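Undergrad: Mind looking over this structure? Questions follow.
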Amino acid sequence: MVNRICIFEDQHYRRLLPLVYIRPEYELRCGILTLRQKIEKRYPKTPITLHSRTYLAGLLRDENPNTGVNKFNNDGYLFLNGRILAQPDTATMFPIDGSDMLYVDGDTLVAARLNRGAGEILERKVPEALNANSFKGLPITETKVKMLSYPWDLIGNNGSEILSDLALLAPVIGERIKGTLYEGAHLVNRDQIFIGEGTRIKPGVVLDAEGGPIFIGSNATVFPNAVIEGPAFIGDRTLIKAGAKIYEDTSIGEVCKVGGEVEASIIHSYSNKQHDGFLGHAYLGKWVNLGADTNNSDLKNNYGSVKIVIDGKQVDSGSMFMGLIMGDHSKSSINSMFNTGTVVGVSSNVFGSGFPPKFVPSFSWGGSDGMTSYDPERALEVAGRVMARRKIQLSAAERDVLMTVFNLTNDERMSFAQAKKAID
């Protein structure tokens with residue numbers, strides 16, 4: 001009998017780098033909720049166990065003290081790939097009741113139902129990534145399910161997922177407008193606007209939900225003359241600055257400060273883009289800061305498909321629109337410019353005139369005039385200082401993860417330096 005669910009990482013997590021260097025793939029946001037939260041909502045009464053790469057396990061345990069991480073007993077488990085974009089029929093496609101079964105899509109393990117003995121199979125040595133070979137001998141069923149493979153999949157599905165997540169959250173939302181609407185705030189299609197408790201909508205703000213719903217969490221502030229077009233999500237305690245223009249299909253997570261122009265983008269949480277400048281079809285990780293007048297291009301002049309460097313390979317996104325992908329703890333200086341489909345790793349500092357390279361390795365320092373390695377101790381010192389401003393301490397587990405990422409990306413920086421030297 002299956003009495004637990006394990007959300008796991010598979011070998012294709014690398015396609016989501018650099019966004020998953022400091023988190024498992026299922027902790028990425030798409031819409032209002034993370035991929036993990038969507039799965040949990042589809043199986044509300046079943047306890048959850050988490051599987052992750054080994055170096056992330058300590059941090060994951062700190063963040064989830066009541067959830068098992070990389071620990072399995074001999075209960076029955078339904079294993080679900082963390083890249084699944086859970087839909088209303090997910091629990092029907094992969095029920096907790098039934099015989100042992102592997103569900104695969106080509107070379108991808110989508111799910112596995114194991115009624116007993118998971119501890120005997122996995123506890124001896126929990127693999128970094130699960131695949132079909134982790135459960136040899138089980139009958140196999142071919143299946144098709146919506147999964148997110150690359151960063152642009154998160155961005156492309158964001159608008160529709162805001163609608164889907166609202167349907168999941170509707171039973172607990174209750175009253176639609178709980179915050180304060182100041183005189184002079186304008187709500188268009190009011191029935192599709194949700195404002196949390198303690199949130200303030202200042203004079204001159206326009207919330208336009210004709211194109212889709214707008215969900216604003218608790219204790220947020222939307223300053224005067226800002227415009228938000230739905231579908232859009234604004235997280236708890238986030239500040240939308242005066243005159244900001246937040247266009248459709250945008251999700252801004254908790255405790256962010258955002259101004260300027262943002263379109264079809266995801267800002268994970270605790271990140272700042274306070275000033276003027278355009279961010280479009282982009283994904284920013286956690287603890288990112290974009291300097292004043294930072295802009296990214298999200299459309300090539302020839303209107304062609306955007307190619308992006310992912311895990312050392314150039315991949316065609318198949319999309320005409322793709323902007324900036326920036327990993328956690330990275331920063332740009334004032335007046336920074338990012339070309340279409342630029343990828344910046346973790347803990348990098350980009351500055352200077354002109355466009356930086358379209359791929360900036362993690363722990364890099366510089367811009368178009370050249371880049372060097374960012375000393376990890378200095379990077380950790382800055383990260384601690386930034387987090388302290390939000391009254392959050394950089395934990396030992398977070399330090400360990402960041403140092404591991406520095407070591408994991410050493411080859412990236414060396415290859416980048418060698419390629420630059422060859423060009424010069």
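The values are calculated or read from the model by the stated rules, or taken from the named source; none is laboratory data. Keep in mind it's a predicted model, so treat the numbers as computed, not measured. As a convention, Cβ positions derive from the backbone with ideal geometry for all residues, glycine included, and neighbour counts pool all protein chains shown.
Undergrad: Are there any pairs with C-beta distances below 8 angstrom linking a residue in region 108-133 that is in contact (Cβ under 8 Å) with a residue 12 or more places away in the chain and on the phi > 0 side of the Ramachandran plot to a residue that is surrounded by fewer than 16 Cβ atoms within 10 Å (Cβ to Cβ) and part of a loop (DSSP other than H, G, I, E, B), with the two at least 6 apart or on different chains, and if so which?
TA: Taking only residues 6 or more apart or on different chains, the pairs are Gly117/Asn74.
Undergrad: Could you list, in sequence order, all residues of region 306-315 that are assigned to a strand (DSSP E or B) and of a type in the set (Val, Ile, Thr)? Break it down stepwise before answering.
TA: Quick first cut of region 306-315, residues assigned to a strand (DSSP E or B) only: 307-310, 313-315.
Correct list: Ile308, Val309, Ile310, Val315.
Undergrad: Can you report the number of residues in region 316-361 which are part of a loop (DSSP other than H, G, I, E, B), over 20 Å from the mean Cα position of the chain (by Cα) and β-branched (Val, Ile, Thr)?
TA: Adding up the residues that qualify gives 1.
Undergrad: Still on this structure: Of everything in region 267-302 that's touching an Asp or Glu at 6+ places or on another chain (Cβ under 9 Å) and under 17 Å from Pro231 (Cα atoms), which residue is surrounded by the fewest Cβ atoms within 10 Å (Cβ to Cβ)?
TA: Gly280
Undergrad: Further question on the same structure: Considering each of Met414, Met403, Met387 in turn, give the residue that is outside the structural domain of Gly291 (by TED's automatic domain parsing), among the aliphatic types (A, V, I, L, M) and either farther than 23 Å from Glu63 by Cα or modelled with pLDDT under 95 (or both).
TA: When all the criteria are applied, what remains is Met414.
Undergrad: If a residue must be of a type in the set (D, E, K, R) and closer than 16 Å to His186 by Cα, how many such residues does region 212-253 contain?
TA: Initial filter on region 212-253 (of a type in the set (D, E, K, R)): 229, 236-237, 241, 245, 248-249.
In the following step, the residues that additionally are closer than 16 Å to His186 by Cα were identified as 229, 245.
Qualifying residue count for the region: 2.
Undergrad: May I ask you to verify whether Lys245 is at pLDDT below 95 and either in the same structural domain as Asp191 (by TED's automatic domain parsing) or surrounded by fewer than 19 Cβ atoms within 10 Å (Cβ to Cβ) (or both)?
TA: Criteria not met by Lys245.
Undergrad: Look through region 393-416, keep the residues that are hydrophobic (A, V, I, L, M, F, W, C) and in contact (Cβ under 8 Å) with a residue 24 or more places away in the chain, and return whichever of them is nearest to Asp369 (Cα to Cα).
TA: Once the filter is applied, the top-ranked residue is Phe416.
Undergrad: Cβ-Cβ under 6 Å, sequence separation 6+ or interchain: first residue in region 302-315 and more than 20 Å from Leu408 (Cα to Cα) and not assigned by TED's automatic domain parsing to the domain that holds Gly327, partner at pLDDT below 95 and surrounded by fewer than 16 Cβ atoms within 10 Å (Cβ to Cβ). Which pairs?
TA: none
Undergrad: On to the next question. Which count do you get for residues in region 23-35 that are buried (at least 24 other Cβ atoms within 10 Å of the Cβ) and either within 19 Å of Ala397 (Cβ to Cβ) or β-branched (Val, Ile, Thr) (or both)?
TA: Count: 4.
Undergrad: Anything in region 118-148 that is among the small types (Gly, Ala, Ser) and surrounded by 14 or more Cβ atoms within 10 Å (Cβ to Cβ)? List them, or say none.
TA: Selection gives Ala118, Gly119, Ala129, Ala132, Ser134.
Undergrad: Can you pull out the residues in region 255-265 that are outside any loop (DSSP other than H, G, I, E, B) and either over 17 Å from the mean Cα position of the chain (by Cα) or closer than 21 Å to Asn219 by Cβ (or both)?
TA: Once the filter is applied, which keeps residues that are outside any loop (DSSP other than H, G, I, E, B) and either over 17 Å from the mean Cα position of the chain (by Cα) or closer than 21 Å to Asn219 by Cβ (or both), region 255-265 yields Lys257, Val258, Glu261, Val262.
Undergrad: Separate question: State the number of residues belonging to region 362-386 that are assigned to a loop (DSSP other than H, G, I, E, B) and either closer than 16 Å to Ile310 by Cβ or not small (Gly, Ala, Ser) (or both).
TA: First, the residues of region 362-386 that are assigned to a loop (DSSP other than H, G, I, E, B): 362-363, 368-369, 374-375.
From what's left, either closer than 16 Å to Ile310 by Cβ or not small (Gly, Ala, Ser) (or both): 362-363, 369, 374-375.
Within region 362-386, residues that are assigned to a loop (DSSP other than H, G, I, E, B) and either closer than 16 Å to Ile310 by Cβ or not small (Gly, Ala, Ser) (or both) number 5.
Undergrad: Those residues that are in a loop (DSSP other than H, G, I, E, B), hydrophobic (A, V, I, L, M, F, W, C) and closer than 26 Å to Arg23 by Cα, I need them from region 276-305; list them, please.
TA: Those that are in a loop (DSSP other than H, G, I, E, B), hydrophobic (A, V, I, L, M, F, W, C) and closer than 26 Å to Arg23 by Cα: Ala282, Trp287, Val288.
Undergrad: What strands (runs of 3 or more DSSP E) completely inside region 74-148 contain at least 1 residues that are touching a helix residue (DSSP H, G or I) at 6+ places or on another chain (Cβ under 9 Å) and within 21 Å of Leu28 (Cα to Cα)?
TA: The strands (runs of 3 or more DSSP E) meeting that bar are 76-81, 108-114.
Undergrad: Which residue is nearest to the chain's Cα centre (by Cα), if the candidates are limited to region 366-392 and must be surrounded by fewer than 18 Cβ atoms within 10 Å (Cβ to Cβ) and on the phi > 0 side of the Ramachandran plot?
TA: Among them, the one singled out is Lys391.
Undergrad: For region 33-50, name all the residues that are in a loop (DSSP other than H, G, I, E, B) and hydroxyl-bearing (Ser, Thr, Tyr). Spell out the reasoning first.
TA: Just the residues of region 33-50 that are in a loop (DSSP other than H, G, I, E, B), to begin with: 33, 43-47.
Selection gives Tyr43, Thr46.
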